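See below for the structure under consideration.
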Amino acid sequence: MNLALIVAAGKGRRMEREEGKQFLPLVGKPVLAHALTSFQQASLIDSIIVVTAAENFEKCLAVIDRYNITKFDRVVIGGDERQDSVYSGLLAATEFEKANIVVVHDGARPLVEPGLIDKVTGAIDDCDGAIVGTPAKDTIKLVREGYVVETLDRAVTWQVQTPQVFRFDDLLRAHDRARAEGYYGTDDSVLVERAGGKVKIVPGSDENIKITMPSDLVVAEAILKRRTEQGEMRPRSS
């Protein structure tokens, strides 16, 4: 079974809103609903768990019901950090039908498309993890205490996104090890990497943005409107 773990427990403080960013309206639909709909439509996803904050439990259920997310299994309460929330979702998944593959995605990335979800999910066969990313466009510098330590080679640097796909047991072990060592990473793939896993990167899309700042909603709305217009302009089959 291929399980999707949608992490929607963030507070979204940088959005300058009391409401969690995953529930903000985006062309008339909550940010989270866009992400869930894409996973609903992805052919390689069998089941969906949503991880959220306790105060947003009922809101998540309402979104799932309103937008007919039939692959939904349950809503799980997350932790203080994103890594804690993913771990809560993994532990919950051990309680029901065996998951072989887990696809972790940020609920604040509403523009992920079903085809990309299937593409990265299908790339796990010859590696321990498959993640979505795009080549860096700008020069990346390593900085400590306000000073440049090193300029990284842009030709070999990528900006990493979600979805990220792993074998369920491997990711759970990687999280167990990180918790035992008190290590927190910036994404799930680094936990698998430090456990010796081989992680493949799958070219993603510049449109697969994360809603972090108010300006991101403006960009996301423009992308969705363009997609709608392009869909309307495509010739319909007879």
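Candidates are the residues of segment 57-85 that are touching a helix residue (DSSP H, G or I) at 6+ places or on another chain (Cβ under 9 Å) and loosely packed, with under 14 Cβ neighbours inside 10 Å; the one that is farthest from Gly122 (Cα to Cα) is Arg66. Scanning segment 199-224 for residues that are part of a loop (DSSP other than H, G, I, E, B) and not acidic (Asp, Glu) turns up Gly204, Ser205, Asn208, Ile209, Lys210, Ile211, Thr212, Met213. Restricted to helices (runs of 4 or more DSSP H) entirely inside segment 20-101, those with at least 2 residues that are out of contact with any Leu (no Cβ under 6 Å at 6 or more places or on another chain), touching a residue at least 60 places away in the same chain (Cβ under 8 Å) and of a type in the set (Ser, Thr, Tyr) are 82-93.
Filtering segment 161-197 to residues that are of a type in the set (Ser, Thr, Tyr) and either surrounded by fewer than 24 Cβ atoms within 10 Å (Cβ to Cβ) or more than 20 Å from the chain's Cα centre (by Cα) (or both) leaves Tyr183, Tyr184, Thr186.
To keep it simple, each residue is scored yes or no on (1) aliphatic (A, V, I, L, M); (2) farther than 30 Å from Val50 by Cα; (3) in contact with a Cys (Cβ under 7 Å, 6 or more places away or on another chain).
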{"residue": "Thr121", "(1), (2), (3)": "no, no, no"}
{"residue": "Gly129", "(1), (2), (3)": "no, no, no"}
{"residue": "Glu145", "(1), (2), (3)": "no, yes, no"}
{"residue": "Glu150", "(1), (2), (3)": "no, yes, no"}
{"residue": "Ala155", "(1), (2), (3)": "yes, yes, no"}
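Pairs meeting the criteria (first residue in segment 215-227 and free of Cβ contacts under 8 Å to residues at least 24 places away in the same chain, second residue surrounded by 13 or more Cβ atoms within 10 Å (Cβ to Cβ), beta carbons under 8 Å, at least 6 apart or on different chains) are Asp216/Ile209; Asp216/Lys210; Val219/Ile209. For first residues located in segment 118-130 and surrounded by fewer than 19 Cβ atoms within 10 Å (Cβ to Cβ), partners that are modelled with pLDDT of 95 or more and among the polar types (S, T, N, Q) and lie 6+ apart or on another chain with Cβ distances below 6 Å form the pairs Asp118/Ser43. Look at Ala54 and say whether it is surrounded by fewer than 24 Cβ atoms within 10 Å (Cβ to Cβ) and over 14 Å from Pro163 (Cα atoms). Yes.
Consider Ala108 carefully, then state whether it is in contact with a Ser or Thr (Cβ under 8 Å, 6 or more places away or on another chain), in a loop (DSSP other than H, G, I, E, B), of a type in the set (Gly, Ala, Ser) and closer than 14 Å to Thr162 by Cβ.
Judged against the criteria, Ala108 is a match.
Here Lys200, Lys141, Lys137 are screened, and the one residue that is among the basic types (Lys, Arg), touching a strand residue (DSSP E or B) at 6+ places or on another chain (Cβ under 9 Å), surrounded by fewer than 18 Cβ atoms within 10 Å (Cβ to Cβ) and closer than 25 Å to Leu44 by Cα is Lys200. Selection of first residues in segment 152-170 that are within 23 Å of Arg109 (Cβ to Cβ) and of a type in the set (Lys, Arg) and of second residues that are at pLDDT 95 or above and outside any loop (DSSP other than H, G, I, E, B), restricted to Cβ pairs under 8 Å at least 6 apart or on distinct chains, gives the following pairs, ordered by first then second residue: Arg167/Ile101; Arg167/Val102.
The values are calculated or read from the model by the stated rules, or taken from the named source; none is laboratory data. Here the structure is a predicted model, which is why all the values come from computation and not from measurement. A quick note on method: Cβ atoms are made from the backbone with ideal geometry, for glycine too, and the neighbour counts reach across all protein chains shown.
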